[in-house]
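See structure below.
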Amino acid sequence: MKIHDLITESASLKDLISRMETAEFVCVDTEFMRENTYWPELCLIQISDGKEAAAIDPLADGIDLDPLLDLLVENREIVKVFHAGGQDLEIFYNLTGKTPFPLFDTQIASMALGYGEQVGYANLVSAVLGHQLDKGARFTDWSRRPLDKRQLDYAIADVTHLAEIFPTLLDKLVSTGRGAWLDEEMARLADPSTFAFAPEDAWKRMKLPSRKPEVLGRLKALAAWREKEARGKNLPRGRIVKDDTLGELANHPPKRQEDLVKIRGLSRGWRDNDIGARLMDTLKDAEPLPKDEMPAKPPRRPGLTKEASLVSDLLKLLLKIRAKESGVAPRLITRAGDLELLAAGVREDLDILQGWRFEEFGRDALDLVEGRLAFAIEDGKLAMTRRGDSK
């Protein structure tokens, strides 16, 4: 595979992308900093099509990233391969308002192929390729220039190894018939709504301190205010005001700005600074949350009787057994909450009773709950026996 020098000019980037436009796939990774900012600061982009690979410097003076971005979000013929790509997708959404698609995430794929739950990239490289990655540059400051050879070698290895891993995982998915299992997961990961929300909706991502309309109205106003402050200053939300403090302000709003010093999480400066004044104006203008915006009450989860609790434990054991037999990470099949619902008698809207999850696990789970499947000890080993015909 040809490894290019760091690309810092538009012409070189355009030439690279023009050659990759006929590829079947491109592997992509990014290096970014976001500890001290609201928006992640993109510092490096790595890309490979299996034939050549390059690192691209988005901080280079005058570089035009449009050819690369068009390849990622407009070209629907090329599969874009990431590993645990959620934050990478967020970056490209921020730049373009779109997410790369079609998408293949090797971390999710590895869960369907028995490599474990949320396997890290280094562990996946070791398991598939037998290589040990140099992690020495992992926590480097990617915003500093110039980047040295060790940093660039570390960064480019992420996509060169990924270009080898992807065909291997894809072949295994095809041979095992599990490719279709991932369609739903990939579509969810690439959903733009995951990354786009208006400041007025920020409150919906918070723990609600109350269900009173006046409290929720203040929380909605405060969360929107904080979102705008954080975006405008390019600071993490928690650097403006933490969630718990917003909840306290919504529940017990101070009457005067000088009373802000009594709120845990706010410094003494808030009693007379401009941001404190804007916070008080926000509280003053907040209206009770309209009835049509009130969040639906969370569905009441059926209480588990002692017997149902035991059944839930048996379902967890069955999940462990079935996952081990099929080589699928249990987390990809279902979560403990759904097992409890099944044990409590719920049959509607459970993923494990639909599609491939039903075939792999849900049918046996239902049989266990409804008495058609039982655990037994045979020759000193745990075994399962059926009673009558299964549905």
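The values are calculated or read from the model by the stated rules, or taken from the named source; none is laboratory data. Note that the structure is predicted; figures quoted are calculated from it, not measured. All Cβ positions, glycine included, derive from the backbone under ideal geometry; neighbour counts span all protein chains shown.
Looking at 192, 146, 213, can you tell me which residue is surrounded by fewer than 16 Cβ atoms within 10 Å (Cβ to Cβ), free of Cβ contacts under 8 Å to residues at least 24 places away in the same chain and either outside the structural domain of residue 55 (by TED's automatic domain parsing) or within 30 Å of residue 43 (Cβ to Cβ) (or both)?
Details: 192 fails: free of Cβ contacts under 8 Å to residues at least 24 places away in the same chain; 213 fails: free of Cβ contacts under 8 Å to residues at least 24 places away in the same chain.
Criteria check complete, one pass: 146.
The single condition among (1) surrounded by 16 or more Cβ atoms within 10 Å (Cβ to Cβ); (2) under 23 Å from the mean Cα position of the chain (by Cα); (3) among the hydroxyl-bearing types (Ser, Thr, Tyr) that residue 154 does not meet is (2).
What number of residues within region 131-159 are at pLDDT 90 or above and either of a type in the set (Lys, Arg) or in contact with a Gly (Cβ under 9 Å, 6 or more places away or on another chain) (or both)? Before the answer, list the steps.
Step one: of region 131-159, the residues at pLDDT 90 or above are 141-159.
If we keep only those that are either of a type in the set (Lys, Arg) or in contact with a Gly (Cβ under 9 Å, 6 or more places away or on another chain) (or both) too, we end up with 144-145, 149-150, 154.
Looking only at that region, the number is 5.
Once region 24-48 is narrowed to residues that are closer than 16 Å to residue 103 by Cβ and of a type in the set (A, V, I, L, M), the residue that is surrounded by the fewest Cβ atoms within 10 Å (Cβ to Cβ) is 28. Of the residues 135, 80, 172, the single one that is more than 22 Å from residue 56 (Cβ to Cβ), surrounded by 13 or more Cβ atoms within 10 Å (Cβ to Cβ) and not hydrophobic (A, V, I, L, M, F, W, C) is 172. Within the option set 139, 92, being farther than 22 Å from residue 193 by Cα and either in a loop (DSSP other than H, G, I, E, B) or not hydroxyl-bearing (Ser, Thr, Tyr) (or both) holds for one residue only, 139.
Please go through region 51-71 and give me each residue that is over 28 Å from residue 232 (Cα atoms) and touching a Ser or Thr at 6+ places or on another chain (Cβ under 9 Å), ordered by number. Give the derivation first.
Applying the first criterion (over 28 Å from residue 232 (Cα atoms)) to region 51-71 yields 51-55, 67, 71.
Scanning region 51-71 gives 53, 54, 67.
Counting only residues that are of a type in the set (A, V, I, L, M) and in contact (Cβ under 8 Å) with a residue 60 or more places away in the chain, which one in region 195-210 is farthest from residue 333 (Cα to Cα)? Per the criteria, the residue is 208.
Would you please name the residue that is surrounded by the fewest Cβ atoms within 10 Å (Cβ to Cβ), looking only at residues in region 110-122 that are hydrophobic (A, V, I, L, M, F, W, C) and part of a helix (DSSP H, G or I)? Talk me through it step by step, then tell me what you get.
Step one: list which residues in region 110-122 are hydrophobic (A, V, I, L, M, F, W, C), which gives 111-113, 119, 122.
In the following step, the residues that additionally are part of a helix (DSSP H, G or I) were identified as 111-112, 122.
Details: 111: 23, 112: 23, 122: 16.
Within region 110-122, the match that is surrounded by the fewest Cβ atoms within 10 Å (Cβ to Cβ) is 122.
Candidates are the residues of region 1-23 that are touching a helix residue (DSSP H, G or I) at 6+ places or on another chain (Cβ under 9 Å) and in a loop (DSSP other than H, G, I, E, B); the one that is surrounded by the fewest Cβ atoms within 10 Å (Cβ to Cβ) is 5. Scanning region 175-189 for residues that are surrounded by 13 or more Cβ atoms within 10 Å (Cβ to Cβ) and not in a helix (DSSP H, G or I) yields a total of 1.
Checked against (1) out of contact with any Phe, Trp or Tyr (no Cβ under 8 Å at 6 or more places or on another chain); (2) within 24 Å of residue 207 (Cβ to Cβ); (3) part of a helix (DSSP H, G or I); (4) assigned by TED's automatic domain parsing to the domain that holds residue 222, residue 289 passes all but a single condition, namely (3). Just one of the listed residues (337, 269, 276) is assigned to a helix (DSSP H, G or I) and surrounded by 14 or more Cβ atoms within 10 Å (Cβ to Cβ), namely 276.
Across region 95-109, what is the total count of residues that are outside any helix (DSSP H, G or I), within 19 Å of residue 184 (Cα to Cα) and not basic (Lys, Arg)? Please lay out each step first, then the result.
Quick first cut of region 95-109, residues outside any helix (DSSP H, G or I) only: 97-105.
When the remaining residues are screened for being within 19 Å of residue 184 (Cα to Cα), the result is 98-105.
From the residues that got through so far, the ones that are not basic (Lys, Arg) too are 99-105.
Qualifying residue count for the region: 7.
Assigned to a loop (DSSP other than H, G, I, E, B), modelled with pLDDT under 95 and not β-branched (Val, Ile, Thr), is that true of residue 35?
Values: assigned to a loop (DSSP other than H, G, I, E, B): yes; modelled with pLDDT under 95: yes; not β-branched (Val, Ile, Thr): yes.
Criteria met by residue 35.
Of all residue pairs spaced 6 or more apart or on separate chains, none has beta-carbon atoms under 9 Å together with a first member in region 11-32 that is not assigned by TED's automatic domain parsing to the domain that holds residue 147 and a second member that is modelled with pLDDT under 95 and not in a helix (DSSP H, G or I).
If I go through region 49-68 residue by residue, how many of them are in a strand (DSSP E or B), surrounded by 19 or more Cβ atoms within 10 Å (Cβ to Cβ) and free of Cβ contacts under 8 Å to residues at least 60 places away in the same chain? Even if it seems obvious, please write down each step before you answer.
Within region 49-68, the subset in a strand (DSSP E or B) is 52-56.
Narrowing further to those that are surrounded by 19 or more Cβ atoms within 10 Å (Cβ to Cβ): 53-56.
Checking which are free of Cβ contacts under 8 Å to residues at least 60 places away in the same chain leaves us with 56.
Within region 49-68, residues that are in a strand (DSSP E or B), surrounded by 19 or more Cβ atoms within 10 Å (Cβ to Cβ) and free of Cβ contacts under 8 Å to residues at least 60 places away in the same chain number 1.
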